[in-house]
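Remarks on the structure that follows.
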Amino acid sequence: MKKNKKKDEKAPNPIIVTHHEARRDYFVIDTMEAGIVLAGCEVKSLRTSNASLSGSFARTEGNELFLYNLYIAPYAMGNRENPETKRPRKLLLHKQQILRVRAKMQEKGLALIPLKLYFNHGIVKVELAVCKGKNHYDKRQDMKKDSARREIDRAIKNRNRK
């Protein structure tokens, strides 16, 4: 027996925005989910996907974690009380998780980069990753792998047509 889906049911965890350059420029070592403190009409602006993660990063300050350079466009129907577009935003993690992240960040060359912003049961969440920067030759190797994978897929697709 098939279950009928409700008409107004939405896709689970709709993604608001992704950081496209993150996987290209960094090796992802570890990922985690964090909540984010938003003010005013920012959630309404995020529902229309008016955000950008490019150039954003997270940093620990004391026992707190903050996200910098996250751009959230001002809400079009908002008023003069719209918050600043690139202000630092506090991230919500358990204390043990913050301490674990701080210990990982002590290593040289690691950065805390947001990979995507999404809704989880109506609440905005951020997927954070502990990343290590790629060198130029690493990026070239990834591009070679991607192009080889595409050629193989094309060859298989063309073989199936015959």
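Considering only residues of segment 130-144 that are over 30 Å from Val101 (Cβ atoms) and either open to solvent by less than 100 Å² (accessible area, probe 1.4 Å) or basic (Lys, Arg) (or both), which is nearest to the chain's Cα centre (by Cα)?
Within segment 130-144, the subset over 30 Å from Val101 (Cβ atoms) is 140, 143-144.
Subsequent filtering for residues that are either open to solvent by less than 100 Å² (accessible area, probe 1.4 Å) or basic (Lys, Arg) (or both) retains 140, 144.
On the way: Arg140: 23, Lys144: 25 Å.
So, considering only residues that are over 30 Å from Val101 (Cβ atoms) and either open to solvent by less than 100 Å² (accessible area, probe 1.4 Å) or basic (Lys, Arg) (or both), the one nearest to the chain's Cα centre (by Cα) is Arg140.
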Sole miss for Arg47 among (1) within 20 Å of Leu93 (Cβ to Cβ); (2) at pLDDT below 90 is condition (1)
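Does Ala39 fit the bill of being modelled with pLDDT of 90 or more, outside any helix (DSSP H, G or I) and open to solvent by less than 60 Å² (accessible area, probe 1.4 Å)?
On the way: modelled with pLDDT of 90 or more: no; outside any helix (DSSP H, G or I): yes; open to solvent by less than 60 Å² (accessible area, probe 1.4 Å): yes.
When the stated conditions are applied, Ala39 does not pass them.
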Select from segment 111-137 the residues that are assigned to a strand (DSSP E or B), out of contact with any Pro (no Cβ under 7 Å at 6 or more places or on another chain) and either over 18 Å from Lys90 (Cβ atoms) or free of Cβ contacts under 8 Å to residues at least 24 places away in the same chain (or both) and list them in ascending order. Ala111, Leu115, Lys116, Ala129, Val130, Cys131, Lys132, Gly133
How many residues does segment 124-138 hold that are farther than 12 Å from Glu33 by Cα and at pLDDT 85 or above? 2
Could you grab me the full set of residues in segment 12-36 that are open to solvent by 80 Å² or more (accessible area, probe 1.4 Å) and among the β-branched types (Val, Ile, Thr)? Ile15, Ile29
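Quick check: is even one residue across segment 102-110 of a type in the set (A, V, I, L, M), open to solvent by less than 70 Å² (accessible area, probe 1.4 Å), in a strand (DSSP E or B) and at pLDDT 85 or above?
Narrowing segment 102-110 to residues of a type in the set (A, V, I, L, M): 103, 105, 110.
Narrowing further to those that are open to solvent by less than 70 Å² (accessible area, probe 1.4 Å): 103, 105, 110.
Subset that is in a strand (DSSP E or B): 110.
From the residues that got through so far, the ones that are at pLDDT 85 or above too are 110.
Within segment 102-110 (the criterion being of a type in the set (A, V, I, L, M), open to solvent by less than 70 Å² (accessible area, probe 1.4 Å), in a strand (DSSP E or B) and at pLDDT 85 or above), the answer is yes, since at least one residue qualifies.
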Give segment 80-101 a look and list any residue that's assigned to a loop (DSSP other than H, G, I, E, B) and without any contact (Cβ under 8 Å) to a residue 40 or more places away in the chain, or say none. Arg80, Glu84, Thr85, Lys86, Arg87, Pro88, His94
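In this structure, is Ala58 out of contact with any Cys (no Cβ under 7 Å at 6 or more places or on another chain) and open to solvent by less than 30 Å² (accessible area, probe 1.4 Å)? Quick ask: steps written out before the conclusion?
Values: out of contact with any Cys (no Cβ under 7 Å at 6 or more places or on another chain): yes; open to solvent by less than 30 Å² (accessible area, probe 1.4 Å): yes.
Taking the combined requirement at face value, the residue satisfies it.
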Per-region count, segment 48-74, residues among the charged types (D, E, K, R) and free of Cβ contacts under 8 Å to residues at least 12 places away in the same chain: 1
Buried (at least 18 other Cβ atoms within 10 Å of the Cβ) and either at pLDDT 90 or above or in contact with an Asp or Glu (Cβ under 6 Å, 6 or more places away or on another chain) (or both): does that describe Pro114? yes
Please work out if Met77 is in contact (Cβ under 8 Å) with a residue 24 or more places away in the chain, surrounded by fewer than 17 Cβ atoms within 10 Å (Cβ to Cβ), assigned to a strand (DSSP E or B) and in contact with a helix residue (DSSP H, G or I) (Cβ under 8 Å, 6 or more places away or on another chain). no
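The values are calculated or read from the model by the stated rules, or taken from the named source; none is laboratory data. What you are looking at is a predicted structure, and each value in this text was computed from that prediction instead of being measured. FYI the Cβ positions are ideal-geometry reconstructions off the backbone, even for glycines, and counts take in every protein chain you see. Side chains included, ligands, DNA and RNA excluded: accessible areas come from the protein's heavy atoms. Shrake-Rupley method; radii C 1.70, N 1.55, O 1.52, S 1.80 Å.
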